[in-house]
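This report refers to the structure that appears directly beneath it.
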Amino acid sequence: MKTKFFIVAYIALALAACVKVIDNSTSSTSSGSGSSTGSGGGTSNPSNPAPTPGPTPGTGTTTPTTPTTPGGQTGSGGTSSGSIGTITINYSSTAPCAPSNEVFTFTCVAAGAPAGSSYAWYYGDGKAGTGVTSTNTYTNAGTYTVLVKVIYNNQILGQSTLNITALGQTTTPTASFTAVAGATTNTVVFTSTSTLSYGTIKLYSWDYGDGTTGSGSVSQHTYTQTSVAQTFTVTHTVSSAITGCTATKTQTITIPAASSSGGGTTTPPPGGTSGSGGTSSGSIGNITIAYTTTAPCAPSNEIFTFNVIAPGAPSGSTYEWFFGDGNSGSGLSTTNTYNTAGSYTVLVKVKNNNQILGQSTMAVTAVGQGVTPVASFYAQQTNATTTGNYYTFNSTSSLAKGAITSYVWDYGDGSNGTGSFSTHTYVQTSTAQTFTVKLTITSSAGCVSSSSQVVTVPAGYSISGGFTYTSTSPCKPSSEVFTFTGPTNGVPAGAIYTWDFGDGIGGTGNPINKSYTFPNSYNVTLTITLNNSQLYKVLQPVTSFGQDVTPTASISVQQSNAAGSAWAFNSTSTVSHGTITSYAWDYGDGTTGANAFNIHTYTQTTTAKTYTVKLTATSNANCSASATTTVVVPAK
């Protein structure tokens, strides 16, 4: 009877535990799923002891889900083993996006666990916890295997494992960007400098503040200019690729007034501004803030003067000012200097007997200090010798705060240019000229600065026509000598003629003689200069035969048959430079021949005869030389 009582009591306790766990699980908002399968042997974890083997647990099918929005995630499931049946792990996490952090809450659902069981958690990141419900924060993103053990009387009744995906901490990006002037005064290039500790940024969006938008990590926008300067609040939004967490950053930019056309003129330096208004609260009615500013451009500086108008303030009231930049002041009228351009919220408090009777706030836009640029540039002739009328101009201007939005060049000859880098070709005349070049720059605050330099353009001359040349005969007893003569029309007095004869040797003068040693074709260059400036240059090819081009004729002769009527004649002639191009033989019997080698047969008579043989050798320079020899033909 006692045994039956204990069995019934044990079943009642187990059912009570199951009811308690089921109640907890039905209150969960889990929409995820996972797999819950296992075997008698269970699933072990290398860092924890293996569970006690038990019967095959029940099975279920759920799959944890990862959200695509920056909210938290939920899921349930597990692979369980042990003697108490299915053990399910339920989990949920808070949103990973700032100001929240991703925190996982785990709950063990073990219907077969007896009352009084304890729960040991191992989160897969080296940390552990206890209780039916436990929490963990994963520092790094990744997939982790969560293990829960159900323990009773120091015995492991069962365990379950489940893989979860954590997004980790620091998954919210930090938005920031720079705004730099583009090619025109109303064009701005926006570059995202946003950062993200973990993951990548997938979305870059821009609100330019004028009703238009853009995208991309770098974006360029052209604003519509008006006759007055305008300010726009630009908003940049970035989004994390993994979590979808977003961040925004705003900046205020100023677009200067449209420049007038022609003449290189720009918008005049802006004067001060003024305004009034405010959002007031308190017991004394409307409180108005009025302000004026001095001009921000040098030699002035932008200084704000604030006045408060509070008709309901009792006599003896005091006024405290907070300018939005960390500075403060007091009095009905006060001043402040903003160092940095931007939008600031000004707050004034009206006090009496140490009680705040009312206050008012108003947004003002400051240009800031150091917004006047300093113009400077350097001018350079690309090649003073060859192109003395071609100049490059490069701005080296500087600006402490803001951006230089306009560069206008006045070249001093009635023409103009734009851009930080510019080139110009001047028209040359017969005399040297000087021009005053002026650079005028404008900052994003509309402040202007100028710088001037004097450049010199050398005289230019109209010289045309190549050079001429003649040469003497290259054949002995003469030798080849060239005489080169350059053009003279348009060449000023004192000009220097410099020759490069193409053989590594040069000379000066006009006319000038030149002898080439070797036969060849040479590129002869004439350069005419005056005061180290090039006035004219021309190149022409010249063909030379060179020196020692007359051959030396000589003959080798040998009897060619026994009768003595046939003779072999061979030229042994030479030439120092060039080649022998022809051989002419006179055999002395009224017959002739060609070629370097010949065999000639004489007609024999009843008496012996002597013949004088002559060879004439001619070179490629058409120079000739002769040699003679005699042969005796015996009687037949």
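Brief remarks on what is shown
- Summed over the range 135-170, residues that are within 24 Å of VAL103 (Cβ to Cβ) and over 51 Å from the mean Cα position of the chain (by Cα) total 5.
- Residue within the range 378-387 that is under 30 Å from THR233 (Cα atoms), assigned to a strand (DSSP E or B) and open to solvent by less than 60 Å² (accessible area, probe 1.4 Å) present: no
- Taken over the range 98-107, the criterion of being open to solvent by less than 20 Å² (accessible area, probe 1.4 Å) and in contact (Cβ under 8 Å) with a residue 60 or more places away in the chain is satisfied by GLU102, PHE104.
- Residue within the range 467-490 that is among the charged types (D, E, K, R), open to solvent by less than 30 Å² (accessible area, probe 1.4 Å) and touching a residue at least 40 places away in the same chain (Cβ under 8 Å) present: yes
- Filtering the range 232-247 to residues that are open to solvent by 40 Å² or more (accessible area, probe 1.4 Å) and modelled with pLDDT under 95 leaves ALA241, ILE242, THR246.
- All conditions in (1) more than 33 Å from the chain's Cα centre (by Cα); (2) assigned to a strand (DSSP E or B); (3) free of Cβ contacts under 8 Å to residues at least 40 places away in the same chain hold for VAL455, with the sole exception of (3).
- Failed item, numbered, when GLY368 is tested on (1) part of a loop (DSSP other than H, G, I, E, B); (2) more than 20 Å from THR293 (Cβ to Cβ); (3) in contact with a Pro (Cβ under 9 Å, 6 or more places away or on another chain): (2)
- Scanning the range 367-377 for residues that are of a type outside the set (A, V, I, L, M, F, W, C) and either under 15 Å from THR340 (Cβ atoms) or crowded, with 19+ Cβ neighbours inside 10 Å (or both) turns up GLY368, GLN369, GLY370, THR372, PRO373.
- Test set (1) under 19 Å from TYR198 (Cβ atoms); (2) open to solvent by 10 Å² or more (accessible area, probe 1.4 Å) - ILE84 fails condition number: (1)
- Of the residues making up the range 602-626, those that are of a type in the set (Val, Ile, Thr) and in contact (Cβ under 8 Å) with a residue 40 or more places away in the chain number 3.
- Looking only at residues of the range 338-358 that are within 27 Å of THR231 (Cβ to Cβ), polar (S, T, N, Q) and not in a strand (DSSP E or B), we find that the one that is most open to solvent (accessible area, probe 1.4 Å) is ASN339.
- ALA608 at pLDDT below 95 and of a type outside the set (Ser, Thr, Tyr): yes
- Some residue of the range 138-150 being open to solvent by less than 20 Å² (accessible area, probe 1.4 Å), among the polar types (S, T, N, Q), modelled with pLDDT under 95 and closer than 18 Å to SER93 by Cβ: no
- Residue in the range 593-611 that is under 30 Å from GLU480 (Cβ atoms), of a type in the set (S, T, N, Q) and open to solvent by 40 Å² or more (accessible area, probe 1.4 Å) present: yes
- Top-ranked residue in the range 184-199 [being more than 14 Å from HIS221 (Cβ to Cβ) and at pLDDT 80 or above; ranked as most open to solvent (accessible area, probe 1.4 Å)]: THR195
- Among the residues making up the range 499-521, a single one is under 48 Å from the mean Cα position of the chain (by Cα), part of a strand (DSSP E or B) and either surrounded by 18 or more Cβ atoms within 10 Å (Cβ to Cβ) or of a type in the set (A, V, I, L, M, F, W, C) (or both): TRP499.
- Test: GLY285 is outside any strand (DSSP E or B), open to solvent by less than 50 Å² (accessible area, probe 1.4 Å) and modelled with pLDDT under 85: no
- Enumeration of residues in the range 211-248 that are assigned to a loop (DSSP other than H, G, I, E, B), under 18 Å from THR178 (Cα atoms) and either touching a residue at least 60 places away in the same chain (Cβ under 8 Å) or not polar (S, T, N, Q) (or both): GLY216, TYR223
- Enumeration of residues in the range 613-631 that are open to solvent by 80 Å² or more (accessible area, probe 1.4 Å) and at pLDDT 95 or above: LYS614, THR628, THR630
- Checked against the criterion of being farther than 29 Å from TYR469 by Cβ and modelled with pLDDT of 95 or more, the candidates ALA563, ALA584 yield just one match: ALA584.
- Flag for LEU535 being aliphatic (A, V, I, L, M), open to solvent by less than 40 Å² (accessible area, probe 1.4 Å) and under 60 Å from the mean Cα position of the chain (by Cα): yes
- Among the conditions (1) loosely packed, with under 13 Cβ neighbours inside 10 Å; (2) in a loop (DSSP other than H, G, I, E, B); (3) in contact with a strand residue (DSSP E or B) (Cβ under 6 Å, 6 or more places away or on another chain), ILE463 misses just one, which is (1).
The values are calculated or read from the model by the stated rules, or taken from the named source; none is laboratory data. Source: prediction; values computed, not measured. Glycine also receives a Cβ, built like all others from the backbone with ideal geometry; neighbour counts cover every protein chain displayed. Calculation scope for accessible area: heavy atoms of the full protein, side chains included, ligands and nucleic acids excluded. Shrake-Rupley method; radii C 1.70, N 1.55, O 1.52, S 1.80 Å.
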